[in-house]
1. Projecting each Cα onto the charge dipole of the chain (Lys/Arg +1, Asp/Glu -1 at the beta carbon, about the Cα centre), which of 265, 163, 174 comes out farthest on the positive side?
2. How much length is gained on full extension from residue 16 to residue 194, taking 0.36 nm per residue of separation minus their Cα-Cα distance?
3. With an 8 Å cut-off on Cα pairs and a minimum separation of 6 or more residues, tell me the relative contact order of the chain in percent.
4. 5 Å is the cut-off here: which amide hydrogens, built 1.01 Å from N in the peptide plane, fall below it relative to residue 81, excluding neighbours closer than 5 in sequence?
5. I need the phi-derived Karplus couplings for the stretch 162-168: 6.51 cos²θ - 1.76 cosθ + 1.60, θ = phi - 60°, integer Hz, Gly and Pro marked x.
6. Placing one identical point scatterer on every Cα of the chain and ignoring solvent, what is log10 I(q)/I(0) from the Debye formula at q = 0.07, 0.11 Å⁻¹?
7. Test of understanding: what is the full-extension gain from residue 24 to residue 7, defined as 0.36 nm times their sequence separation minus their Cα-Cα distance?
8. Would you compute, from DSSP H runs of 4+ residues alone, the mean residue ellipticity of the chain at 222 nm, taking -39500 (n - 2.57) per run and dividing by the full residue count, rounded to the nearest 500?
Amino acid sequence: MTTKPLTEPELDEIYAFAVQLGKDAGKLLLDAAQARIGGKGSSTQAFSEKDSAVDIVTKTDEDVETFIRTRITRQYPDHAFVGEESYSKGSSRAYLINDATPTWCVDPLGGTVNYTHLFPMFCVSIAGGKPAIGVICVPFLNQLFTACRGRGAWLNETRRLPLARNPIPSMPPNAPSNCIFSCEWGKDRKDTPEGNLYRKLDSFLNMAAELWGRGGKGAMVHGVRSLGSATMDLAYTAMGAFDIWWEGGCWEWDVAAGIAILEEAGGLITTAKPPDDPLSARIKDARLGSRLYLAIRPAGPSDTETGREGQERTVREVWQRVRELNYTRPAA
């Protein structure tokens, strides 16, 4: 997390702090949701729009971020903090996570649209480093995903990820067929034929269509799932519930904790952007801040390939079926 490596006891201390902070912030979310359900407050969640009608913020987002930031600042006054709501209110869209300063990257309410509709897939997401620590608390479902570099990834602190183990299943030999494909519609809804919405739709059709349909690109995945939260998508990929996650347009807080959990579980994450030659291009680790991500679940070996080889094979097959997305990092 810093230019001076943390000692193991220091990392353990920060990890324990992050886990408890995730639990406490998750309780704030749950209390706010239950107040609407139990008649202690308005049953309708007020929100305001940011960049579009589907890019929204509630008072709960802001209250939970303030709570998390206050706790971190009190405990670690020398650490930097990047939170969705405070970042969104600034004029710069610069990438603020670096090796020089220990940095917390927080999404106080991942899945705000879900939360406003009481769809249970909403969470608190807390990451430390680039990222070395990840905590995702899904309070409505009583799920807590945690990971720390070298210490494994866990569900509710007792079940190691991925859930299917001994052995961990290999990737299907004809993947992405026989896979669950996770993706999101995203916040860019411009009705432009070559815009991101249409490129995503074309890619979704390729993944879902009958095998070898759509000019040979049909993958006939078992199912296409959209949870409404990139953070949740990554957690479920680490769990092994999703085989593939493909997305563009995410900011750091959307993915930082999920990446930490996925990688510690043994998953692979790289760029969603298909290279010029998908069959031979080098598969590099995803760059936090790139806004384009493709994740593959943890995979064990088969009789013909290692787990990593199966993951990379799946990446190349997905690259051949998805469109390039245009999500840049605006200067302001």
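1. 174
2. Values: separation 178, 0.36 × 178 = 64.08 nm, distance 4.62 nm.
So the chain would gain 59.5 nm between residue 16 and residue 194.
3. Numbers: 693 pairs, mean separation 54.9, N = 332.
Answer for the chain is 17 percent.
4. Excluding prolines and chain starts, which carry no amide H, the hits are 104.
5. For the stretch 162-168, the Karplus curve yields x, 5, 7, 9, 6, x, 6 Hz.
6. Computed log10 I(q)/I(0) values: -0.27, -0.69.
7. Values: separation 17, 0.36 × 17 = 6.12 nm, distance 2.59 nm.
Gain in length upon complete extension: 3.5 nm.
8. Working: 9 runs with 111 residues, N = 332.
Here the helix-only value at 222 nm equals -10500 deg cm²/dmol.
Rule-based calculations on the coordinates, nothing more; no lab input. What you see is a predicted model, and the numbers here were worked out from it, not measured in a lab. Here the Cβ is made from the backbone with ideal geometry for all residues, glycine too, and neighbour counts use every protein chain on show.
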